[in-house]
Structure formats: C-alpha cells, structure tokens
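The values are calculated or read from the model by the stated rules, or taken from the named source; none is laboratory data. Predicted model only: the values in this text are computed from it and were never measured. Glycine gets a Cβ as well: all are built from the backbone with ideal geometry, and neighbour counts include every protein chain shown. Please note that ligands, DNA and RNA were not included when accessible areas were found on the heavy atoms of the full protein model with its side chains. Shrake-Rupley method; radii C 1.70, N 1.55, O 1.52, S 1.80 Å.
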Amino acid sequence: MPNAYISGTGFYVPPRVVTNDDLRTQYGIDTTHEWIVQRTGIEERRFADEGVGPADLGALAAEKAIANAGIDKTDLDMIIFATLSPEHCFPGSGVYMQRKLGLCEGTNAKFVPALDVRNQCSGFLYALATASSMVKAGALKHVLVVGAEVHSAALDLSTRGRNIASLFGDGAGAVVVSATEEDRGVRHWKLGADGRFADVLAQRVWDTRKRPFIPVDAAGIGHVEPEMMWAQMEGKLVFKNAVERMMTVLMEACIANNITGADIDLFCFHQANLRINQYIQNALGIPDEKIVHNIQRYGNTTAATIPILLAEAVESGKLKRGMKVACCAFGSGFTWGAAVIDW
Ligand code: UT7
C-alpha cells in the first residue's frame, strides 16, 4: 500500500487589502481597529474584485501547488474543492476550476472527477482525509486538494452585520496529495460533526422546504430577507465549542499516532480567531516558534486557512522535509477535524 504525502503547496490571495479602518471609513461600519484586534487579532483582510470567484482564486493557488509538486496538471487524477462560498448553488466550484485550469481541453483531456466538499472551516481537512485515503488505497496517484473562498460578496458590510463582516476575508490554498513508497505523508486523521448546532453558524439564503425556496412577489421576483441573505452566528457559543473541540480532536489525533504534542514540530490551526488559537496554545503549552498564524493579515478564510498556512510555511522555510505537522480546524455544522502529517 502506498503512503500519501503532500508533494506540492501553493496559495493565492487577491491583491486588495482592506484594513479594519477601511471597514469604518469605506463601508461606514460602526467599529474600531482596537475592537477587532482585541477580540480577534485581525488587522486586515483581502477582498476579491467583482467578477472573481473561488474557482479563479483556487486555480491560481492550484497552478503553484502543481508546479511545486513537479508534475504536469495532466498528471492529476482527481480534484477536491472545499468551499462554503461556491459561485453558485450548483454545480460546484470544482468543475469551474477544472475548466479554468484547462483540464478539459486538448486531445489529452482526462476529465478527472471533481468533488466539492461543503464542510466550511473544516472543509480542507475533510478533503485531505478523502484524498489521502483514496491515494493510500492505491486508487489514485495525484489528487489536487483546494480550499478557496470569496466571502466578500456575501458579507453584510454594514453596522448591522459587523459581528461577522469584520471576521472574514478571501483567499485560496492548494496542495497536491501524491502516492509514495517512502515512509512519510498524511498519518492518522480524525473528523467529527455535531448537527445539533447546525443553525448556530449558517447562511440559509435559500430554503427548499419552502414553496418556492425564496419568497416571490406578484411579479415573480424573488426577495430575500436580511436574516436569510446574510450569515448568522452565535459568536460566544461558537468560540466555546471551537476551543473544546479543537483541543480534543488534536489530542485524539496525537493519541491515534502514538505521539504527544512535544513530538509535533509545527501546528497549523484554523484561523477563525487568534484568541481561540492562543487559548489552545497556552492550554497545551505549545511554544511560539512551533505555531504559525496568518489571521492578522487575511482574517478568516475558512476552507483556505490551513492550505494557505502550509504553503506560506513552506515558502518561508519554516516547514521542511522530515518535520511532523499537526493541523486542526473547527467550524459551522459544527464540524471539526485534525490530521498529523510527516512532511
Ligand atoms: O470560522 C468559524 C468559526 N467562527 C468562530 O470561531 C468565531 C467565534 N466567535 C468569536 O470569535 C467572537 O464571538 C466574536 C469575535 C465574533 C465576537 O466577540 P464577542 O466577545 O463574543 O462579542 P459579542 O458578539 O458578544 O458582541 C459584544 C458587543 C456587542 O455590542 P453590545 O450588544 O454589547 O452593545 C456587539 O454588537 O460588541 C459589538 N460588536 C462590535 N463592536 C465593534 C460586534 N461586532 C463588532 C465590531 N465592532 N466589529
């Protein structure tokens, strides 16, 4: 049986920087830089321009990951695309990115499968678990795993929406998961979900239990109420559960790998709130040099946070061959996950 290792990483964030002060001055949100930094650690985020979707950002991150893996894009056997902000209700972003990458063109087009994963902030780890399991089973040799989000299109950028609008940013990260006979790669992963909290952090812009799925007026034009249009979150409840679940799943993954936290060389946590991660870091006694963050610069990029962290750590030389990496995430659903990777 082969192992499944990460052969290449890449990331892309849109060039437009939106600072906390910009939220106030450009969008008129009643907030302050101090409030956002104190509560979340976020200093700025990136917003994509109109006309740019997650498949566009994902394709740019993917090109880099494929190049860094030293393979050709025609070597890919599958695409897994994790996002909570797909271009459309359907089809998924994976097929748009496949087309964008030029994988459906030419006589060598392989028409590889494209799977979308809808597990929000845990999406990348759900996708990584799926990809590595397929590679380890011997079914596939190279799987492209992308996490990409364009949140800025669906943020209520007004004072009404400030509790959520100040948290999120756009971006994409990608990895190639490849088969190897070497003793390295994705080791044990652990995933979980608790549907009792499904409505605690959600954007329910359409509801297919209703007839029709959004209300229409006499002229047949659909109207969406603000509470349906924008994401809703019970922040304190999410915060508390994030701390508990991330700590637990991280320890479960370590136990399953027969290691302790001290054996881990680098921790890559989901970037929802710097305070959540610092709480876990302090509770588990993780030294500063063993953990990476980017929420200060990008905000919460949901499914993209972990692959961006990995790609940045590789690029800066902080993550090197032979190191043991632990990733963990928590988000809407609730869903959570952790993975240990021998790099
Ligand atoms: O990736 C998905 C997972 N998401 C998370 O993990 C997020 C977890 N939750 C959190 O990080 C925190 O709950 C937040 C940072 C979102 C909010 O912090 P909080 O301490 O829970 O604040 P709060 O929502 O209880 O709001 C406190 C006050 C409210 O005002 P009143 O009602 O006390 O007058 C809010 O209206 O702060 C107000 N507020 C703001 N003020 C200035 C909320 N957002 C803002 C803002 N600027 N951006």
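About its Cα centre, how strong a charge dipole does the chain have in debye, to the nearest 20, once Lys and Arg get +1 and Asp and Glu get -1 at the Cβ?
520
With only alpha-carbon pairs counted, each pair once and no self-pairs, how large is the Kirkwood hydrodynamic radius of region 26-79 in angstroms?
Answer for region 26-79: a Kirkwood hydrodynamic radius of 14.8 Å.
With the cut-off at 23 Å, report for region 3-183 the share of all Cα pairs above it, as a whole percent.
Considering region 3-183, 44 percent of its Cα-Cα pairs are separated by more than 23 Å.
If each DSSP helix of 4+ residues adds -39,500 (n - 2.57) and the sum is divided by the residues in the chain, what number results at 222 nm, nearest 500 deg cm²/dmol?
Estimated from H runs of four or more residues: -9500 deg cm²/dmol.
Which ³J(HN,Hα) values, rounded to whole Hz and listed in residue order, are derived for region 327-343 from phi using the Karplus coefficients 6.51, -1.76 and 1.60 in 6.51 cos²θ - 1.76 cosθ + 1.60 with θ = phi - 60°, glycine and proline given as x?
10, 8, 8, 8, x, 3, x, 4, 10, 7, x, 8, 8, 10, 10, 8, 6
Through the Karplus equation 6.51 cos²θ - 1.76 cosθ + 1.60, θ set to phi - 60°, convert the phi angles of region 67-84 into ³J(HN,Hα) values in whole Hz; use x for Gly and Pro.
4, 5, 6, x, 10, 9, 4, 6, 7, 5, 10, 6, 10, 10, 10, 9, 7, 10
Sequence gap at least 6, Cα distance under 8 Å: using those rules, report the relative contact order of region 123-239 to the nearest whole percent.
Once normalised by length, the contact order is 25 percent.
Fully extended, how many nm does the chain gain between H223 and Y279 (0.36 nm per residue separation, minus their Cα-Cα distance)?
My answer for the length gained is 16.0 nm.
Work from the charge dipole of the chain (Cβ charges, +1 for Lys and Arg, -1 for Asp and Glu, about the Cα centre) and give the residue of L23, M233, I164 farthest towards its positive end.
Of the options given, the answer is M233.
If you keep only loop residues by DSSP, which GluC sites (Glu not before Pro) in region 1-53 have at most 10 other Cβ atoms within 10 Å of their Cβ?
E50
Do any trypsin sites (Lys or Arg not before Pro) in region 205-241 lie in a DSSP loop with no more than 16 other beta carbon atoms within 10 Å, and if so, which?
In loop regions of region 205-241 (DSSP not H, G, I, E or B), the sparsely surrounded trypsin sites (Lys or Arg not before Pro) are R209, K210.
What's the carbon and sulfur percent of the chain's accessible surface, probe 1.4 angstrom, rounded to a whole number?
53
With a cut-off of 8 Å between alpha carbons and a minimum separation of six or more residues, what is the relative contact order of region 52-109 in percent?
For region 52-109, the relative contact order is 47 percent.
Which listed residue (Q278, V314, A109) has the Cα farthest towards the positive end of the charge dipole for the chain, taking +1 on Lys and Arg C-beta and -1 on Asp and Glu C-beta about the Cα centre?
Q278
Total Lys pairs in region 188-328 closer than 27 Å by alpha-carbon, pairs eight or more apart in sequence or interchain only?
10
Quick query: amide H of L319 versus all other amide H atoms, modeled in the peptide plane; which residues come in under 5 Å with a sequence gap of 5 or more or a different chain?
V314
Under a Cβ-only charge scheme (Lys and Arg +1, Asp and Glu -1), can you give me the dipole magnitude of region 3-183 about the Cα centre, in debye to the nearest 20?
For region 3-183, the charge dipole is close to 280 debye.
Amide H to amide H, which residues 5 or more places from I291 or on other chains are under 5 Å from it, using H placed in the peptide plane?
Under 5 Å from the amide H of I291 lie the amide H atoms of F267, each far enough along the sequence or on another chain.
So for each of 195-202, 119-126 I average, over its residues, the number of other beta carbons within 10 Å; can you give me the resulting order with the highest mean first?
119-126, 195-202
Applying a 10 Å radius around every beta-carbon, put 213-220, 18-25, 335-342 in order of their mean neighbour count, most first.
In descending order of packing, they fall as 335-342, 18-25, 213-220.
How large is the accessible surface per residue of the chain, computed with a 1.4 Å probe and reported in Å² as a whole number?
Per residue, the chain has 44 Å² of solvent-accessible surface.
If you place +1 on the Cβ of every Lys and Arg, -1 on the Cβ of every Asp and Glu, and leave all else neutral, what size is the dipole of region 99-240 about its Cα centre, to the nearest 20 Debye?
I would put it at about 280 debye.
For the chain, what mean projected area does the convex hull of the alpha carbons give, in nm²?
Here the figure is 18.3 nm², rounded to one decimal.
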